[in-house]
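Data block below; observations after.
The values are calculated or read from the model by the stated rules, or taken from the named source; none is laboratory data. Keep in mind the model is a prediction, meaning the values are calculated, not measured. All Cβ positions, even for glycine, are placed from backbone atoms using ideal geometry, and neighbour counts span all protein chains on display.
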Amino acid sequence: MMGGLSKRLVLFAFFSVVIALLSAQDAFSQANVTLTPINDEIIAMEFAEFELEIKNLEPETHTFSLDFGIAPLWSIISTPAYRIQVKSGETGSFRIFAKARSLIPDQLYSIPFTISYGDKKINRALMIKYGDVVKEPKEYKPTVVIKPEAIELREIDPRETIAFKIHLSNLNVLNMSELSAILFSEGRLIDAHKDFSLAPLERKVILIETSIDPHTKPQRDKVTIALKYQEKIIATFENIEIEVKGYEDIKTEEKTASAFLREKKDITIENNGNYDVRKTYKKEMGFFKRIFTKTEPGHYIIREEGKSFLTWDYSLSPKETFIVSISTSYVSIFVVLVIAGLVVLFYFLLRSPLQCRKNVDVSKKGDTTLIKVKLSIKNRSSSDISNITVKEIIHPLMLVSRESQIGVIEPRKIIKHKTKGTLLEWHIDRLEPFEERLIIYKAATKISIIGEIILKSALARFQYKGKEKSTKSNSYILEV
């Protein structure tokens, strides 16, 4: 018994010297390596467990690789799987698990391995006490390896279900019936769990599905997977990076309400996407319609390809809405047209059926001013007008010519007065509907005059539909 113990002590001392020599070879490496045993005392069917931490002291990022060479007696795995990338100044870590492939002698074992990065190498060894070297019996320690199916950056659509597929390996003979996988993230986007069981040495793939708010803004987050057994966390897998991708979904809804000569459109624009947007909304409208249109909020006009558009600029965060009201009313123009129509109607109803218009032609002959006056007498109704008498008073300073003209109505009376002037009177028996007659006379100034002479309106009296009516012509200012 004493001989066996001495033999083991010698072996332990030998392996310690070997480790010291290996460590001396990497004394000048630019990485700080720490190997910590988690469980280095095992028996058959158990896994030894170690934590390997590597701090990168180089000025650039390096990928560190593990190489266990040929170890025929041992089955060795690591998580992450034999390779890790570490940025300058940061620390990365491996979990290393080792199990005897078959029954092997009870003793201390040294399993050397190499850590490589760039053109440099660091040598280390796992020291495992196997079999009855372990002095006291112990319980099986729950040991499960977690390996997500995809650990690179994942892009997530917040509108869809998010699924995590996780590979699990039970590394010892412990039957675990109350396991729970918990997912959580630093930014609290992910919060899910799933209960399951693992038989001894079983490998299993579980699927955990969860969802987030569809309007979650684009962002990055880091997810951690934790295994809980008997109210304790027994394993974790950290820093699974996810990125919520942005998507745009602008919904426009238009409602129209119409009344007599009025129309109102309410346009609701909603941001159903997951990030802030700045947009422009355009509504085509012609010039005439714009005159009778008001909007809330106010708009500005742009022209594209010969068309005019009412335009609004807006900014919306997710779930926000922008409402445009367009009100068009033709009531005002309708009222104006109705009033104008009534005015025209009353004008035609109330106007005189007999139209009397005066036109004057003026000419000069020496110091004398000559005028030729034309009185147009027209029946502008659809009925006959009879017994028409037209009277014209000529200014006292004017002399009336008595020349007669063929086809022109001659005055029935010519009465002169020293102060009031000359009275001319014509008589027309009858005018048929829309018939027109012309009265012409000539006059001249008696003396040379400087200034103005007013030719007063001619007065016409007539019978229309059994009633006596009268109307006047326009007056005329004669400048001499």
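Give, as residue ranges, the strands (runs of 3 or more DSSP E) completely inside region 23-129 that count at least 1 residues that are over 54 Å from the mean Cα position of the chain (by Cα), on the phi < 0 side of the Ramachandran plot and outside the structural domain of ARG203 (by TED's automatic domain parsing). Steps first, please.
Values: elements: 31-39, 48-56, 62-67, 74-79, 83-86, 91-100, 108-117.
The qualifying strands (runs of 3 or more DSSP E) are 31-39, 48-56, 62-67, 74-79, 91-100, 108-117.
Would you mind stating whether LYS194 is without any contact (Cβ under 8 Å) to a residue 24 or more places away in the chain, among the charged types (D, E, K, R) and out of contact with any Phe, Trp or Tyr (no Cβ under 9 Å at 6 or more places or on another chain)?
yes
For region 299-325, enumerate the residues that are outside any strand (DSSP E or B) and over 18 Å from the mean Cα position of the chain (by Cα).
GLU305, GLY306, listed by residue number.
Of everything in region 348-390, what is over 17 Å from LEU478 (Cβ atoms), among the charged types (D, E, K, R) and surrounded by fewer than 17 Cβ atoms within 10 Å (Cβ to Cβ)? Give them in sequence order.
ARG351, ARG380, ASP384
Go through (1) within 30 Å of ALA100 (Cβ to Cβ); (2) out of contact with any Lys or Arg (no Cβ under 6 Å at 6 or more places or on another chain) one by one and return the number of the condition SER169 breaks.
Going through the list (1) within 30 Å of ALA100 (Cβ to Cβ); (2) out of contact with any Lys or Arg (no Cβ under 6 Å at 6 or more places or on another chain), SER169 breaks only (2).
As an exercise: evaluate ARG203 against (1) in contact with a Ser or Thr (Cβ under 6 Å, 6 or more places away or on another chain); (2) without any contact (Cβ under 8 Å) to a residue 24 or more places away in the chain and give the number of the one condition it does not meet.
(2)
Being among the hydroxyl-bearing types (Ser, Thr, Tyr) and either surrounded by fewer than 14 Cβ atoms within 10 Å (Cβ to Cβ) or within 30 Å of THR321 (Cβ to Cβ) (or both) is the filter; apply it to region 190-228 and report the residue that is farthest from the chain's Cα centre (by Cα).
Result: SER197.
Assess whether HIS427 counts as being out of contact with any His (no Cβ under 9 Å at 6 or more places or on another chain) and either surrounded by 12 or more Cβ atoms within 10 Å (Cβ to Cβ) or outside the structural domain of GLU452 (by TED's automatic domain parsing) (or both).
yes
So, of the residues in region 391-407 that are of a type in the set (D, E, K, R) and under 16 Å from LEU438 (Cβ atoms), which turns out to be surrounded by the most Cβ atoms within 10 Å (Cβ to Cβ)?
Across region 391-407, the extreme among qualifying residues is GLU392.
Scan region 254-276 for residues that are assigned to a strand (DSSP E or B), surrounded by 13 or more Cβ atoms within 10 Å (Cβ to Cβ) and among the polar types (S, T, N, Q) and report the count.
Counting residues in region 254-276 that are assigned to a strand (DSSP E or B), surrounded by 13 or more Cβ atoms within 10 Å (Cβ to Cβ) and among the polar types (S, T, N, Q) gives 2.
Quick test for you: out of GLY246, GLY187, pick the one residue that is more than 29 Å from ALA44 (Cα to Cα), at pLDDT below 90, small (Gly, Ala, Ser) and within 44 Å of the chain's Cα centre (by Cα).
Only one candidate passes the filter, namely GLY187.
Kindly list the number of the only condition in (1) out of contact with any Lys or Arg (no Cβ under 9 Å at 6 or more places or on another chain); (2) not in a helix (DSSP H, G or I); (3) not hydroxyl-bearing (Ser, Thr, Tyr) that fails for VAL360.
(1)
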